[in-house]
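Trainee: So that we are looking at the same thing, I have put the structure below in structure tokens.
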Amino acid sequence: MSELENQRGPGKEISYPRLAGLALLFFLIAAGLGYPALTRYDPPQVPSLSDVRSYVALVMGSEPAGPPHLRFRKLVPWIAAPFYHLAKGHVGSWDPAIFGLLVADSLFVAGTALLIIVLATKVFSYPVSLLAAMLYLVNFAVPNLRLVGLVDAGEGFFLLALLWALSEDLFWILPAIGILGALTKESFIPFSIVFETVWWIVVRRQLDSPLQKLMWIVVSWLAALLAFFGVQWSVDQRFVAPWQFAAGLHRNRNYLGHLASSLWDREFWYIFLWLLPLGIPHLRRFPKSWLWPLGATSLTAFALDAYYAGAPGTIGRALFSIAGPVLALSAASFLLTSPQGISPKSLQD
């Protein structure tokens, strides 16, 4: 066994200095992967990235011209705005708004990679966790969809933060995650409700205080909804009920046809062509408390995409936000399993 393999073992903690170093490393990697958006092409002018125009407007403090609901996705533009103002007039030919969004997205991508490390090292070796983070970073979705000025990097981070908080029994953090996730993207609200509900159903018999834990989960839902109502009021000075908001997004009646087109979409396969074959074999090593919530939330993504008639690539982005980190971890476990069958310690239910 190498020195690196001896250095870590399942169930051990990583020191805070090392976590800080990894966070900086992942941020620099993410910023480098997103660099072409500053110099090689202009994301707002790419048809499949048209939503970026609205986020650029939010960063600059102007009114977005895109679909009305994009105005409520405030968190990533809020984080990007200070970097936009710092960069304005000092970055040459770079678009300062795209620069600000790249910094914000890189922070969330780095945070997601770091959470993969934190989750993985409690049950796998350090090499497995590090490879999982790298597989996540080099997936097609990260440089092409996470680091181009969209807000999916934020939603993906907070969905993984849900899994981390539930796994660590940190229920008091759930309301904060709910608020920040809802301010990132409205789809986080139904995703989190499904994820947390299924998680509680699966593990309720193993919990010390199942009703108390359920109370925290419900509070997180209410916090997310209140945050969404608050941002609605700040933008439009009115409240829209969730069912009315959902009805306003309904644009599709050919559900099966849209499902077929989503599965046939090239971006979907660019993301999952290698991630699924490498990730599926070792999913059996993960507990039901991970797999059932992820599966149910993934099905919810398909249902919402069919209802909303999302643009090409929408379902791939959503599924990567939900399941991408765990699939990357499973793929890393598969790749680092020796031919003799000696594998990292499996997760226990």
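Trainee: Restricting region 318-347 to residues that are under 25 Å from the mean Cα position of the chain (by Cα) and modelled with pLDDT under 60, which is surrounded by the most Cβ atoms within 10 Å (Cβ to Cβ)?
Mentor: L347
Trainee: Looking at region 70-108, which of its residues are of a type outside the set (A, V, I, L, M, F, W, C), surrounded by fewer than 19 Cβ atoms within 10 Å (Cβ to Cβ) and part of a helix (DSSP H, G or I)?
Mentor: P82, H85
Trainee: If the requirement is being part of a helix (DSSP H, G or I), over 21 Å from S167 (Cα atoms) and not charged (D, E, K, R), which of these qualifies: L119, L145, L130, L114?
Mentor: Selected residue: L145, the only one of L119, L145, L130, L114 that is part of a helix (DSSP H, G or I), over 21 Å from S167 (Cα atoms) and not charged (D, E, K, R).
Trainee: Could you list, in sequence order, the residues of region 42-100 that are more than 27 Å from A176 (Cβ to Cβ) and in contact with a Ser or Thr (Cβ under 8 Å, 6 or more places away or on another chain)?
Mentor: Of everything in region 42-100, those that are more than 27 Å from A176 (Cβ to Cβ) and in contact with a Ser or Thr (Cβ under 8 Å, 6 or more places away or on another chain) turn out to be P44, A65, G66, P67, S93, W94.
Trainee: Quick one: would you say G9 is touching a Ser or Thr at 6+ places or on another chain (Cβ under 7 Å), at pLDDT 90 or above, surrounded by 11 or more Cβ atoms within 10 Å (Cβ to Cβ) and of a type in the set (G, A, S)?
Mentor: No; evaluated as a whole, the condition is false for this residue.
Trainee: While we're on this one: Can you tell me which condition I280 does not meet? The list is (1) touching a residue at least 40 places away in the same chain (Cβ under 8 Å); (2) within 18 Å of the chain's Cα centre (by Cα); (3) surrounded by fewer than 16 Cβ atoms within 10 Å (Cβ to Cβ), and all the others hold.
Mentor: The one condition I280 does not meet is (2).
Trainee: Sort out which residues of region 168-189 are part of a helix (DSSP H, G or I) and either under 13 Å from L114 (Cα atoms) or touching a residue at least 60 places away in the same chain (Cβ under 8 Å) (or both), and write them in order of number.
Mentor: L180, L183, T184
Trainee: Please enumerate the residues belonging to region 213-238 that are among the polar types (S, T, N, Q) and closer than 15 Å to I173 by Cβ.
Mentor: Within region 213-238, just S220 meets the criteria.
The values are calculated or read from the model by the stated rules, or taken from the named source; none is laboratory data. Everything numeric in this text was worked out from a predicted model, so none of it was measured. Cβ sites come from the backbone with ideal geometry, for glycine too, and all protein chains shown count toward neighbours.
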